[in-house]
Amino acid sequence: MSDINLIPLTAYKEFQKEEMLNRSRALLEDLLRRRTVRDFSDKKVPKEIINNCLAAANSAPSGANKQPWHFVVVSNPRIKKKIRVAAEEEEREFYSLRAPQEWLDALAPLGTDSNKPFLETAPYLIVIFSKSLEILLNGTKQKTYYASESTGIATGFLISAIHNAGLVSLTHTPSPMKFLNNILGRPANEKPFLVLVVGYPAENAMVPDIVKKGLEEVTTYL
Ligand code: IYR
């Protein structure tokens, strides 16, 4: 016999159909307002808001409930500068040498280049690490499961929570990202997943005029 400890699902709330429809529409409308922003203000953000958003991310489902992620929240200007210098070095190589033309063409509508001033301007850089192996306090190693998928789901929760709080974010993926372990002193079992740049948009921030695929193009009902 298994000795798992089951408890009643007291947290679940059922809504009337009408309310379900309203709630589904309300969240949809709110998420449709989200834009990835690259022009950040240096306006301060209370730490408690970031903490709440991270707690929301940390509630995400994960393989075998292992929570194979670690969040490093960087607000120290000296560390932000180090990250910017290292990231721009990688990006210069990416844009001028490593990126195939097809990739550069795909990025052209976004207007990105190797300059990453937002890494210093934005009040917070949340560096997300994914762990395929967990090292417990007593030094024993424990496997995690679906680490990338789990960390991706947690990151999605985080992006939504940040948007819901009235802030903007940018998913930034310098490549390769190994320098983040060195700068942030994270162990080798943690793999940088992405850098989430968080703050207020700059006054008169501009965003690329891009469109999303329609739902019918990405959905099949059978
Ligand atoms: N990491 C580079 C390039 C880049 C790649 C993708 I895929 C993007 O959606 C955007 C940028 C950069 O940050 O500029």
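The values are calculated or read from the model by the stated rules, or taken from the named source; none is laboratory data. Just so it is clear, the model here is predicted, and its values are computed rather than measured. All Cβ positions, even for glycine, are placed from backbone atoms using ideal geometry, and neighbour counts span all protein chains on display. Surface areas here come from the heavy atoms of the whole protein model, side chains and all, with no ligands, DNA or RNA. Shrake-Rupley method; radii C 1.70, N 1.55, O 1.52, S 1.80 Å.
Listed values, structure above:
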item	result
Residue in region 132-172 that is nearest to L119 (Cα to Cα), counting only those that are part of a loop (DSSP other than H, G, I, E, B) and modelled with pLDDT of 95 or more	L167
Residues within region 152-168 that are open to solvent by 60 Å² or more (accessible area, probe 1.4 Å) and either farther than 13 Å from L31 by Cα or free of Cβ contacts under 8 Å to residues at least 60 places away in the same chain (or both), tallied	1
Number of positions in region 1-41 that are closer than 27 Å to Y124 by Cα and either of a type in the set (F, W, Y) or in contact with a Gly (Cβ under 7 Å, 6 or more places away or on another chain) (or both)	2
Whichever residue in region 136-151 is open to solvent by less than 50 Å² (accessible area, probe 1.4 Å) and touching a residue at least 24 places away in the same chain (Cβ under 8 Å) and, among such residues, is nearest to the chain's Cα centre (by Cα)	T151
Filter result (within 12 Å of the ligand (Cβ to nearest atom) and in contact (Cβ under 8 Å) with a residue 40 or more places away in the chain) within region 79-97	A87, E90, E91, F94
Matching residues in region 178-194 - criterion: being within 19 Å of P117 (Cβ to Cβ) and either in a strand (DSSP E or B) or at pLDDT below 95 (or both)	L194
Residues located in region 97-113, provided they are polar (S, T, N, Q) and at pLDDT 95 or above	Q101
Within region 198-218, tally of residues that are open to solvent by 100 Å² or more (accessible area, probe 1.4 Å) and closer than 27 Å to F40 by Cα	7
Of all residues making up region 109-135, the number that are more than 15 Å from the ligand (Cβ to nearest atom), open to solvent by less than 20 Å² (accessible area, probe 1.4 Å) and of a type in the set (G, A, S)	1
Hits in region 169-190 - residues which are open to solvent by 20 Å² or more (accessible area, probe 1.4 Å), touching a strand residue (DSSP E or B) at 6+ places or on another chain (Cβ under 8 Å) and more than 16 Å from the ligand (Cβ to nearest atom)	L184, R186, P187, N189
Every pair of residues 6+ apart whose Cβ atoms lie under 8 Å, when the first sits in region 18-38 and is under 26 Å from V197 (Cα atoms) while the second is in a helix (DSSP H, G or I) and among the β-branched types (V, I, T)	R34/I159
So A64, is it touching a strand residue (DSSP E or B) at 6+ places or on another chain (Cβ under 9 Å), surrounded by fewer than 16 Cβ atoms within 10 Å (Cβ to Cβ) and touching a residue at least 60 places away in the same chain (Cβ under 8 Å)	yes
